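Below is one structure; the comments refer to it alone.
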Amino acid sequence: MDAQSNLRQAWVSASLERLGAPPEICGRFAARAGTAPAVRDVLVSTSPAVAEALGLRSRYVPVGAFIAALAADLAGFGVLIREIRGLARELAKTAPKAPTASTASAARPAAN
């Protein structure tokens, strides 16, 4: 799960850098892309007791813990991606516009 967190953090940081986001925003969003160690520890340490309390067979505990942790982690990452898209729209509104072919040719002096 650490490798997955590291990969997501790198992807988020690189995506925001390409959008022109300031380094502090890149760092803040990249930190949110990782799985919190406390969450991982709670899931690992409590999953057998939770399964027993639910009356589940102990052999299914690892499968249930895996699916639950993965689903929660991916849902959080989905929320982060939505926020990045919103930030991209905001940055696009404030970024200077690149010249288009028609505006660039109008700005050039005529050739003699």
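We did not get these values from a lab; they are worked out from the coordinates using the rules stated. Being a predicted model, the structure only gives us computed values, none of them experimental. Backbone-built Cβ (ideal geometry, glycine too); neighbour counts: all protein chains shown.
For the range 23-43, indicate whether the set of residues that are hydrophobic (A, V, I, L, M, F, W, C) and more than 16 Å from Asp73 (Cα to Cα) is non-empty. Step through it out loud before you land on a result.
Initially, the range 23-43 is screened for residues hydrophobic (A, V, I, L, M, F, W, C), giving 25-26, 29-31, 33, 36, 38-39, 42-43.
The next check asks that each one be more than 16 Å from Asp73 (Cα to Cα); those that pass are 25-26.
Within the range 23-43, one or more residues are hydrophobic (A, V, I, L, M, F, W, C) and more than 16 Å from Asp73 (Cα to Cα).
Working carefully through the options Arg40, Arg57, find the one that is charged (D, E, K, R) and surrounded by fewer than 14 Cβ atoms within 10 Å (Cβ to Cβ).
Details: Arg40 fails: surrounded by fewer than 14 Cβ atoms within 10 Å (Cβ to Cβ).
Of the residues listed, the single one that is charged (D, E, K, R) and surrounded by fewer than 14 Cβ atoms within 10 Å (Cβ to Cβ) is Arg57.
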